[in-house]
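Here's the structure we're looking at; comments come further down.
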Amino acid sequence: MRSEFFNTLKVEWLKVRNYRTFWILLVVTAACMPAFNYVIYDFTDNSLPKFNGQSILGNPFSFPAVWRTVPYNSGLLVFLPAILVITLFTNEFSFRTHRQNIIDGWSRSRFIHIKLLEVLALTIGVTILVALTCVCFGFLTKTLSVRPHWNDVRFIFYFFVELLNYLMIALLIALLVRRAGLSMGIFFLYMIIEQFVVVIGRNKYKKDWVDYLPEEVTDRLIPQPFGRQMMTSAQISLWENHVALYLSIGILYVLLYIFFIRWKFRKTDL
Amino acid sequence: MSAILSLDKISKHFGSVKALREVSFEVPEGSVFGILGPNGSGKTTLLGIVTDVLRASGGHFLWFGQKPSGDHRKQIGSLLETPNFYHYLSARRNLEITAVIKDKPKGDIDRVLKLLKLYERRDSKFQTYSLGMKQRLAIAGCLLGNPPVLVFDEPTNGLDPSGIAEIRELIIELSQQGKTIILASHLLAEVEKVCTHVAILQQGVLIRSGSVASALNQEEWLEVSATDLQALHSLLSRLDKVEKILPAGEFLRVFPKEGLTTVMLNRLCFENGIILSHLRLKKSSLETAFIELTKPGGN
């Protein structure tokens, strides 16, 4: 069983070892997460008006605020690892190697489980990168409290759930569409359409259910961090009261995607 | 001979289209088993089912007398439809992936590349290969680890005449090594040269299966000629052991009843003062027999 697992990992490693696109996308993802945060940091630090020598947005990149600022900013770039997931998975359909791997002796479960594990591994890797980015910015800026506690670090976990949710959606679209360009198009289009529905539904029709749509529910795990001092305590406690529900529904979505992806790949013609 | 593959009432529907209808046959160990049929008859669908890329709508099948599994497929070298490899990887890297999936030693990669004449281009990317080279690489992948069973779906696709002849020789050689080869093809002249057994499909229905001789019931006749063709025709038409005579240009086709041999016919003509200038036993080609079987009302 153990050797079968390492054998499967080896095959996946052989697939990407000499694949230039994979490494470029990985480096772009790894570079853009801290770089994008630096751009925002630079903007809040230098481009906004100051009050009493401090930015009007406070110190969003100092401890402990950085634990929510960096995950929030990084959440805007989830499309980068999603492109990687879509590229790798649709390659198997384009080259018809998803069939060949099965013909050569893998079970369908083995094939799809390793893809799900890859998504998990990528999510963990990007989450670690985001956590390290938090630490770096925290130490680079004026530090208010170095020692993190759960109330701060939980946003790293929320980011993990948000990213996993987005990447599972990307994997699901890739499985159903099977073509790289079209899958990416649908992924982006869905992001836009859902945001449109959320904004219209919430602001115009005052509907609460839009908060629980597949992407919005995990977006709401990390609220907009800038100008937090301007939020009322009622607004903050409203979010605190709902966060467990957002988290539960987000995890439920992820489990549903995993269940459907497994079922679809195992039961249908390849 | 035990059965390597047993099919029991395999059916496959694609929506309202019935691609296979309760197909049952057995592939004996050590045979070269041809699956024949016109385009769209269900050959590739059938092979897709036994290699687990398609789900049967009904029936079941056994590999090596057991419920099929991934471990069985590792013992089978399969080429289904098109060569499926990672375009951005070299031939060697692609076969490395195949070897790891099949639990076969990497040391065998060079052997199969040399066998299929791809060794010199082993480090070229798959996307730079010609169609024929891609097909040869797929066959090389099938031969990795020297599996006892091979499944080839149109293995000569994209090959030039010399490539086709090489693959034919390879199949004969592999068969002589005792391997079981399942071969789907519409190139009947090629199949005729290598197959010991056949299954014939038409619109998803199995119309015959068994050894080539028993399944196809190929017709035999004697082709004869003499200086005076009319005298020869007149003599032969008086013989009880002759079923019918058909003129064929400068020859006569004599369809014998049971028991008439070339020796007997030659002697008979000689004793009646006719010297044969041509005498040959001929058999209808697989193509002719196949067309006979698959024409409406032919089976």
Q) Mind checking which residues of region B:113-134 are within 26 Å of the chain's Cα centre (by Cα) and within 14 Å of another protein chain (Cβ to nearest Cβ)? A) B:Lys134
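Could you tell me which residue of region B:229-243 is most open to solvent (accessible area, probe 1.4 Å), considering only residues that are touching a helix residue (DSSP H, G or I) at 6+ places or on another chain (Cβ under 9 Å) and not β-branched (Val, Ile, Thr)?
Going through the qualifying residues, I end up with B:Lys241.
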Q. Which pairs have Cβ atoms under 7 Å, sit 6 or more apart or on different chains, and link a residue in region A:124-138 that is on the phi > 0 side of the Ramachandran plot to one that is of a type in the set (S, T, N, Q) and open to solvent by less than 50 Å² (accessible area, probe 1.4 Å)?
A. none
(Q) So for region B:65-83 (the condition being within 17 Å of the chain's Cα centre (by Cα), among the charged types (D, E, K, R) and either crowded, with 24+ Cβ neighbours inside 10 Å or at the interface with chain A (Cβ under 10 Å from one of its Cβ atoms) (or both)), does at least one residue qualify? (A) yes
Q | Qualifying position, being over 22 Å from B:Leu286 (Cβ atoms) and in contact with a Leu (Cβ under 6 Å, 6 or more places away or on another chain), among B:Val23, B:Val53, B:Val17, B:Val27 | A | B:Val53
Q: Filter region A:1-37 for residues that are within 14 Å of chain B (Cβ to nearest Cβ), assigned to a helix (DSSP H, G or I) and open to solvent by 50 Å² or more (accessible area, probe 1.4 Å) and give the result.
A: A:Ser3, A:Glu4, A:Phe5, A:Phe6, A:Leu9, A:Lys10, A:Trp13, A:Arg17, A:Arg20, A:Thr21, A:Trp23, A:Ile24
Q: Find the helices (runs of 4 or more DSSP H) located wholly in region A:95-207 whose residues include 3 or more that are modelled with pLDDT of 95 or more and under 20 Å from the mean Cα position of the chain (by Cα), and list them.
A: A:108-140, A:150-177, A:180-199
Q. If we keep just the residues of region A:160-188 that are crowded, with 22+ Cβ neighbours inside 10 Å and small (Gly, Ala, Ser), which is nearest to A:Leu84 (Cα to Cα)?
A. A:Ala170
**Q.** Test: A:Tyr257 is out of contact with any Ser or Thr (no Cβ under 8 Å at 6 or more places or on another chain) and without any contact (Cβ under 8 Å) to a residue 24 or more places away in the chain
**A.** no
Q | Selection from region A:243-270 of residues that are within 14 Å of chain B (Cβ to nearest Cβ), assigned to a helix (DSSP H, G or I) and open to solvent by 40 Å² or more (accessible area, probe 1.4 Å) | A | A:Trp263, A:Lys264, A:Arg266, A:Lys267
Q) From the residues in region B:27-60 that are more than 20 Å from B:Ile181 (Cβ to Cβ) and within 12 Å of another protein chain (Cβ to nearest Cβ), which one is surrounded by the most Cβ atoms within 10 Å (Cβ to Cβ)? A) B:Leu54
Q: Check whether at least one residue in region A:175-189 is among the basic types (Lys, Arg) and under 21 Å from A:Trp67 (Cβ atoms), and report yes or no.
A: no
Q.
Quick check on B:Val242: is it touching a Gly at 6+ places or on another chain (Cβ under 9 Å) and not hydroxyl-bearing (Ser, Thr, Tyr)?
A. no
Q) From the residues in region A:95-121 that are open to solvent by less than 30 Å² (accessible area, probe 1.4 Å) and closer than 21 Å to A:Val161 by Cβ, which one is farthest from the other protein chains (Cβ to nearest Cβ)? A) A:Val119
**Q.** The one condition in (1) exposed (fewer than 11 other Cβ atoms within 10 Å of the Cβ); (2) under 30 Å from B:Val27 (Cα atoms); (3) of a type in the set (A, V, I, L, M) that B:Val263 fails to fulfil
**A.** (2)
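Please find, within region A:67-94, the residue that is farthest from the other protein chains (Cβ to nearest Cβ) out of those that are among the hydrophobic types (A, V, I, L, M, F, W, C) and over 13 Å from the mean Cα position of the chain (by Cα).
A:Trp67
Of all residues in region B:166-207 being hydrophobic (A, V, I, L, M, F, W, C) and assigned to a loop (DSSP other than H, G, I, E, B), which is surrounded by the fewest Cβ atoms within 10 Å (Cβ to Cβ)?
B:Leu187
The values are calculated or read from the model by the stated rules, or taken from the named source; none is laboratory data. All figures in this text were calculated on a predicted structure; none of them were measured in a lab. Cβ sites come from the backbone with ideal geometry, for glycine too, and all protein chains shown count toward neighbours. Side chains included, ligands, DNA and RNA excluded: accessible areas come from the protein's heavy atoms. Shrake-Rupley method; radii C 1.70, N 1.55, O 1.52, S 1.80 Å.
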